[in-house]
Each structure stands twice: as structure tokens, then as C-alpha cells.
Amino acid sequence: MKAKAACGPERDPEFFRELDRVFAEFPDAADRYAVTCLAVELDVLKIDFTRQVGVSRVEDGRVVTEFVDRDEPTPRRRACCAWKPSAGCIRQCEE
């Protein structure tokens, strides 16, 4: 029995065909974005993006993301580097 892919074009071919069409229509914007699978965040870490947001930073050549409560005060404004239609900004990046 073949397991179903967790994410990607094998799992959601119609969705990715439409994304390809939109990316082709807006090539300049398309170069700034990528589609990512949230299976680890949702299924393993059980992140609730309506209550939490990821904060990413570069540390020793790695990107480290921690999830904090959305109402936690931040010392400075961070750029949104991942957006989800149902939750808005789901990951902020330190600049």
C-alpha cells in the first residue's frame, strides 16, 4: 500500500497547478515567495496559528524558529515572512 504524501503536488495537484498559473502571471513577485508544508508545525508541534506566531532568527548559520503567543510583547517590529490566509502572519523574521 502506497502512503499518501503529506504535502506537495502529489497530495494536492489541482492546488499546485493553480499556484503555477498565479506564479507565472506574477513572475517578479513569485521570485520572492515559496510554498511550505506546515505538517510538522500542525501535526507534530500542534501549533495553533490563531494563538501563536513563529519568530525566526539566524543563529550560527541556521534558521531557528520559536513559537510565541501572539499577545506577547515584542521589543521591535518584525517583518512577516510567512502568511497563511486563515491566520495572517504565522512567522515573523528578525532582520
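The values are calculated or read from the model by the stated rules, or taken from the named source; none is laboratory data. The structure presented is a predicted model; accordingly, all values stated were derived computationally and were not measured. Cβ placement follows ideal geometry from the backbone for every residue including glycine, while neighbour counts extend to all protein chains displayed. What goes into the accessible areas is simple: the full protein's heavy atoms, side chains included, and nothing from ligands, DNA or RNA. Shrake-Rupley method; radii C 1.70, N 1.55, O 1.52, S 1.80 Å.
Taken over the range 1-26, the criterion of being within 22 Å of Cys80 (Cβ to Cβ) and open to solvent by less than 90 Å² (accessible area, probe 1.4 Å) is satisfied by Cys7, Leu19, Val22, Phe23.
As for the range 55-63, it holds no residue that is at pLDDT 95 or above, out of contact with any helix residue (DSSP H, G or I) (no Cβ under 6 Å at 6 or more places or on another chain), part of a loop (DSSP other than H, G, I, E, B) and within 10 Å of Ile90 (Cα to Cα). Consider the range 52-82 and keep the residues that are under 17 Å from the mean Cα position of the chain (by Cα) and among the acidic types (Asp, Glu). The one that is most open to solvent (accessible area, probe 1.4 Å) is Glu66.
Residue count for the range 1-50, restricted to those that are under 22 Å from Arg70 (Cβ atoms) and outside any loop (DSSP other than H, G, I, E, B): 6. Each residue in the range 64-91 was checked for being on the phi < 0 side of the Ramachandran plot and assigned to a strand (DSSP E or B), and 15 of them qualify.
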